[in-house]
Amino acid sequence: MGNDILYLPIISTVEDELGQVEEVEDFSRQVFCEKKSIPQNEFFQAGQSGIKASCVLVVSLFDYQEETKAKYREKIYSVYRTYERPDERIELYCEVKAGG
């Protein structure tokens, strides 16, 4: 497994003084990951759907809990697709979110 660190969000709900509830994402859950580049065909297919594929982050299947966002090297990514591998790892196909 790679020795890069990926941060997954812990989501909590906070109520403000007006009684409005909002979700707060705290990217504090650390897991090990390995970064791979997006395969050419994936980049093309994602692009046809309007997705700007950025990278593939591989994590242990046991570390991943269906998160739709991840923070890697100070960038917040949106997970648009996953692929479960036979070696108990899962590939997270990511795009950079605007303003992230």
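The values are calculated or read from the model by the stated rules, or taken from the named source; none is laboratory data. Computed from a predicted model, the values in this text were never measured in an experiment. For neighbour counting, all protein chains shown are included, and Cβ atoms are generated from backbone atoms with ideal geometry for every residue, glycine included.
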Being under 21 Å from residue 54 (Cβ atoms) and in contact with a helix residue (DSSP H, G or I) (Cβ under 9 Å, 6 or more places away or on another chain) is the requirement here; does residue 38 meet it?
yes
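Please verify whether residue 49 is in contact (Cβ under 8 Å) with a residue 24 or more places away in the chain and hydroxyl-bearing (Ser, Thr, Tyr), treating the condition exactly as stated. So that I can check it myself, show each step before the final result.
Numbers: in contact (Cβ under 8 Å) with a residue 24 or more places away in the chain: no; hydroxyl-bearing (Ser, Thr, Tyr): yes.
Against the criterion (in contact (Cβ under 8 Å) with a residue 24 or more places away in the chain and hydroxyl-bearing (Ser, Thr, Tyr)), residue 49 does not qualify.
For residue 77, are the conditions met, namely being modelled with pLDDT of 95 or more and either surrounded by fewer than 16 Cβ atoms within 10 Å (Cβ to Cβ) or within 8 Å of the chain's Cα centre (by Cα) (or both)? Show your work before the answer.
Details: modelled with pLDDT of 95 or more: yes; either surrounded by fewer than 16 Cβ atoms within 10 Å (Cβ to Cβ) or within 8 Å of the chain's Cα centre (by Cα) (or both): yes.
Criteria met by residue 77.
Answer yes or no as to whether residue 95 is crowded, with 18+ Cβ neighbours inside 10 Å and more than 11 Å from residue 6 (Cα to Cα). Step through it out loud before you land on a result.
Values: crowded, with 18+ Cβ neighbours inside 10 Å: yes; more than 11 Å from residue 6 (Cα to Cα): yes.
Criteria met by residue 95.
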Subset tally (residues that are more than 13 Å from residue 83 (Cβ to Cβ) and surrounded by 12 or more Cβ atoms within 10 Å (Cβ to Cβ)) for segment 31-42
5
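To keep it simple, each residue is scored yes or no on (1) surrounded by fewer than 17 Cβ atoms within 10 Å (Cβ to Cβ); (2) closer than 17 Å to residue 73 by Cβ; (3) aliphatic (A, V, I, L, M); (4) in contact with a strand residue (DSSP E or B) (Cβ under 8 Å, 6 or more places away or on another chain).
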{"residue": "7", "(1), (2), (3), (4)": "no, yes, no, yes"}
{"residue": "11", "(1), (2), (3), (4)": "yes, no, yes, yes"}
{"residue": "19", "(1), (2), (3), (4)": "yes, no, no, no"}
{"residue": "24", "(1), (2), (3), (4)": "yes, no, yes, yes"}
{"residue": "44", "(1), (2), (3), (4)": "yes, no, no, no"}
{"residue": "48", "(1), (2), (3), (4)": "yes, no, no, no"}
{"residue": "54", "(1), (2), (3), (4)": "no, yes, no, yes"}
{"residue": "57", "(1), (2), (3), (4)": "no, yes, yes, yes"}
{"residue": "60", "(1), (2), (3), (4)": "yes, no, no, yes"}
Inside segment 51-100, can you point out the residues that are more than 19 Å from residue 29 (Cβ to Cβ) and of a type in the set (Ser, Thr, Tyr)?
54, 80, 83, 93
Restricting attention to segment 41-63, does a residue exist that is out of contact with any Pro (no Cβ under 8 Å at 6 or more places or on another chain), at pLDDT 95 or above and charged (D, E, K, R)?
yes
